[in-house]
Amino acid sequence: MSSFKGRDIISLRDMTIDDLWTIVMRAQEVKEGKHGDCLKGKTIASLFFEPSTRTRLSFESAIVKCGGNVFGFADPGASSQKKGESFSDSIRTVTGYCDAMVIRHPVEGAGRLASEVATVPVINAGDGANQHPTQTFLDLFTIHEEFGRLKNLKIGIMGDLKYGRTVHSLTHAMAMFDAEMVFISPPSLRMPSAILSDLTEQGISYRTADTPEDAADMGLDVLYVTRIQKERFGDPLEYKNVAHGYRINCNTISALGDQVRIMHPLPRVDEIAEEVDATPNAIYFTQAHNGVPARQALLGLVTGGIS
Amino acid sequence: MERVYKVYAINNGTVIDHIPTPLALKVVEILGLGNEGVFTIGVGFQSKRLPKGKDILKIENRVLLESETDKIALIAPEATINIISNGKVSEKRIISVPERIFGVMHCPNPNCATNKLGAHSNFALEDKETMTYRCEYCERVTGIVPENLTAPE
Ligand SMILES: [Zn+2]
């Protein structure tokens with residue numbers, strides 16, 4: 001078994017299937033009430049070089065729940081970068097103040113760079129359009145919690161598949177677990193061909209669809225919905241037409257079958273109608289809450305509080 | 001009068017032949033030869049193998065390291081490399097595509113830590129057939145474009 005103690009968590013590309021299993025299993029134990037003091041006596045730096053309230057609160061809640069202390073800043077205005085200190089020097093300084101650090105930064109590769117200069121474990125909490133590994137961990141944890149397995153599931157991934165880092169990471173992870181996948185998006189926002197050819201190479205079966213109803217015959221276990229951003233469309237009217245077709249309501253669920261579970265990384269705008277919230281199919285709020293045990297488990301693992 | 005030696009022979013050093021014209025200057029640049037020693041460049045010779053012509057680069061009194069000759073593979077995989085000692089070829093070196101490239105390639109992603117935060121360029125071979133590399137920082141995959149290659153830092 002690979003050891004997590006002292007390890008940096010930067011990219012899903014560094015993770016093996018065993019690593020993902022370990023995180024999911026430990027997160028489950030945390031949720032069952034174990035490892036409650038795995039950060040006792042530990043100090044974690046929470047460095048948000050760009051604001052992301054949800055992710056930051058989820059991490060900070062995880063730290064406090066495990067008995068750890070947290071310090072840091074919530075937006076770049078509070079960092080000494082404004083005074084001209086280099087990013088690397090900021091990290092070199094803070095590494096001496098803490099037992100692990102959580103970093104969010106708008107520049108792609110900032111987490112990797114930080115991990116090279118820091119002497120404590122670095123957890124990437126999002127680096128621009130590149131990686132956000134803990135989102136994928138909580139997604140996997142939620143799927144496992146719901147189905148009791150990660151292998152051989154049927155998953156539909158919907159929304160902005162061209163630019164969405166969350167859906168790219170999830171696709172990468174679900175491919176490791178031999179999922180059958182359907183990618184649902186407007187033609188202009190399809191999954192990048194490089195990712196599709198990787199799937200083909202791995203022998204993963206997938207198809208593309210324009211609407212969730214096109215995948216109705218699959219008996220999907222999960223429909224993972226993401227936001228389509230207005231900025232991706234030059235013409236506001238085109239956006240309106242496209243967005244309308246990507247709204248999940250109770251009719252969509254009837255079409256997909258009662259077994260389907262709806263996930264969303266949140267925040268949603270209007271991709272999922274509120275009427276869906278009360279159905280047993282909606283698991284996106286549980287998913288958001290699961291970010292805490294998933295991050296507790298990860299922090300415990302990298303600091304050695306959980307072995 | 002016919003010139004016998006189009007590029008003067010060297011007694012010791014490295015001869016790089018079959019560089020597609022006009023990439024010899026780019027090879028000089030990525031090897032960082034600009035400020036050291038003597039080298040001679042011949043540009044635009046006829047070649048059966050390279051219909052658009054070939055360049056030859058002779059570097060005196062210096063045996064290139066394998067890490068250096070591997071870099072040549074990035075822009076001129078057809079190049080042939082001979083190490084010369086005492087006027088004779090002492091080694092014919094086969095060049096291969098490097099698994100990693102440090103410092104010679106610019107990441108084309110403007111929002112990459114190498115362009116924004118001073119991280120040192122570092123690429124890992126992604127696919128040998130298509131000659132694509134993945135940036136260690138932003139993780140974008142990029143092909144080898146001579147314009148993105150520069151002298152070692
Ligand atoms: Zn890059």
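The values are calculated or read from the model by the stated rules, or taken from the named source; none is laboratory data. Because the structure is a prediction, the values reported are computed rather than measured. Cβ atoms come from the backbone with ideal geometry, glycine included; neighbour counts cover every protein chain shown.
Results, tabulated for the structure shown:
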{"read-out": "Any hit, the stretch A:114-121, residues being assigned to a strand (DSSP E or B) and in the same structural domain as A:L47 (by TED's automatic domain parsing)", "value": "no"}
{"read-out": "Spans of helices (runs of 4 or more DSSP H) in the stretch A:217-307 with at least 2 residues within 20 Å of the chain's Cα centre (by Cα) and touching a residue at least 60 places away in the same chain (Cβ under 8 Å)", "value": "A:284-289, A:291-303"}
{"read-out": "Lone qualifier among A:R247, A:R190, A:R207, A:R227 - being in contact with an Asp or Glu (Cβ under 7 Å, 6 or more places away or on another chain) and surrounded by fewer than 19 Cβ atoms within 10 Å (Cβ to Cβ)", "value": "A:R247"}
{"read-out": "Selection status of B:N148, surrounded by fewer than 20 Cβ atoms within 10 Å (Cβ to Cβ) and either at pLDDT 95 or above or within 22 Å of B:T14 (Cβ to Cβ) (or both)", "value": "no"}
{"read-out": "Matching residues, the stretch B:125-141, being in a loop (DSSP other than H, G, I, E, B) and either under 23 Å from the mean Cα position of the chain (by Cα) or modelled with pLDDT under 95 (or both)", "value": "B:K128, B:E129, B:T130, B:M131, B:E136, B:R140"}
{"read-out": "Of residues in the stretch B:98-124 being part of a strand (DSSP E or B) and within 21 Å of A:N124 (Cβ to Cβ), the one nearest to the ligand (Cβ to nearest atom)", "value": "B:C112"}
{"read-out": "Boolean, B:F45 is within 17 Å of the chain's Cα centre (by Cα) and either modelled with pLDDT of 95 or more or surrounded by fewer than 20 Cβ atoms within 10 Å (Cβ to Cβ) (or both)", "value": "no"}
{"read-out": "Contacts under 6 angstrom Cβ, first residue in the stretch A:107-135 being over 21 Å from A:A74 (Cβ atoms), partner of a type in the set (V, I, T) and within 15 Å of the ligand (Cβ to nearest atom), 6 or more apart", "value": "A:R112/A:I10; A:S115/A:I10"}
{"read-out": "Test for A:G148: is it on the phi > 0 side of the Ramachandran plot, without any contact (Cβ under 8 Å) to a residue 12 or more places away in the chain and away from every other protein chain (no Cβ under 14 Å)", "value": "yes"}
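Table: residues versus (1) under 30 Å from A:I91 (Cβ atoms); (2) within 14 Å of another protein chain (Cβ to nearest Cβ).
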position: B:E68; (1), (2): no, no
position: B:A79; (1), (2): no, no
position: B:F123; (1), (2): yes, yes
position: B:R140; (1), (2): yes, yes
position: B:G143; (1), (2): no, yes
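Quick grid of which residues meet (1) more than 13 Å from chain B (Cβ to nearest Cβ); (2) among the acidic types (D, E); (3) not in a loop (DSSP other than H, G, I, E, B):
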{"site": "A:S88", "(1), (2), (3)": "no, no, yes"}
{"site": "A:I91", "(1), (2), (3)": "no, no, yes"}
{"site": "A:T95", "(1), (2), (3)": "yes, no, yes"}
{"site": "A:M101", "(1), (2), (3)": "yes, no, yes"}
{"site": "A:N130", "(1), (2), (3)": "no, no, no"}
{"site": "A:T134", "(1), (2), (3)": "yes, no, yes"}
{"site": "A:F137", "(1), (2), (3)": "yes, no, yes"}
{"site": "A:F141", "(1), (2), (3)": "yes, no, yes"}
{"site": "A:H144", "(1), (2), (3)": "yes, no, yes"}
